Amino acid sequence: MNTTTNPKQPPRRMLLAAMGVLLAVLLLGAGGFMWLAGGGTGGNAVGIGGPFTLEDGSGKPVTDRDFRGKYMLVYFGYTFCPDVCPTTLSAVADAMDKLGPDAARIRPLFITVDPRRDTPPVVKKFAAAFGPEITGLTGTPEQIARVAKEYRVYYAEHRTGPGPDDYSMDHSSVLYLMDPKGAFLAPVRADETGDEIAASLRKLMG
Ligand code: NI
């Protein structure tokens, strides 16, 4: 029994937890996309994105400033993802092909939410399997937590067994298009085909 806890205290932690679950549900579903799409018109209106320092596939530090002058197409996921992440990255790679010369204006970034398993060589190999233009990024758990918070990304470990690797990651699935100055431009649906993603990107980049 913890005698220092006041039993009359409002269950603030529970309320916060409930709000967290609600936000997660919104971000995981189409509602999250609509929320981002509505709030994001006219630039960085909802404060999506921000400075980050991460590690690339060789373990070298990479910051958001390294991508200035290009549109960043940012996706958060993890390499052990059984379905959504591979499907999304393959659609992104397809979209890059469809964009032709315009693809050179975009840098697709895959940022892991599972830094424990997704070491630099792991993210590098995974991203390269979809296309040479996709950059895989990882970092310390603290760096990942910070960038995920900036991008309003929800992620959580989901235990599947007793072993250290017996877990999957629940995570929101949205592509974030950032303009060449690094400001949030618009969300792009991650559940669309390469053709549809290419069409959205073309329209958004003008
Ligand atoms: Ni995934």
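The values are calculated or read from the model by the stated rules, or taken from the named source; none is laboratory data. If you're wondering where the values come from, they're calculated on a predicted model, not measured in any experiment. Cβ: placed from backbone, ideal geometry, glycine included. Neighbour counts: every protein chain shown. Surface areas here come from the heavy atoms of the whole protein model, side chains and all, with no ligands, DNA or RNA. Shrake-Rupley method; radii C 1.70, N 1.55, O 1.52, S 1.80 Å.
Quick notes
- Test: residue in the range 183-204 that is open to solvent by 70 Å² or more (accessible area, probe 1.4 Å) and within 16 Å of the ligand (Cβ to nearest atom): yes
- Selection count where residues are closer than 14 Å to Ser200 by Cα, within 16 Å of the chain's Cα centre (by Cα) and open to solvent by 60 Å² or more (accessible area, probe 1.4 Å), scope the range 55-108: 0
- In the range 131-156, the residues that are within 16 Å of the ligand (Cβ to nearest atom) and over 23 Å from Gly69 (Cβ atoms): Thr138, Ile144, Ala148, Val153, Tyr154, Tyr155, Ala156
- Elements of the type strands (runs of 3 or more DSSP E) sitting completely within the range 33-120 and holding at least 2 residues that are at pLDDT 95 or above and within 16 Å of the ligand (Cβ to nearest atom): these cover 71-77, 106-112.
- Inter-residue pairs, beta-carbon under 6 Å, first aromatic (Phe, Trp, Tyr) and in the range 73-89, second part of a loop (DSSP other than H, G, I, E, B) and open to solvent by 10 Å² or more (accessible area, probe 1.4 Å), 6+ apart: Phe76/Val153
- The range 74-94, residues that are under 15 Å from Asp191 (Cβ atoms) and touching a Leu at 6+ places or on another chain (Cβ under 6 Å): Tyr75
- Tabulated pairs, the range 51-65, first on the phi > 0 side of the Ramachandran plot, second in a helix (DSSP H, G or I), C-beta under 6 angstrom, 6+ apart or interchain: Gly59/Pro120
- Residue match in the range 157-166 (condition: within 15 Å of the ligand (Cβ to nearest atom), over 15 Å from Phe76 (Cβ atoms) and assigned to a loop (DSSP other than H, G, I, E, B)): yes
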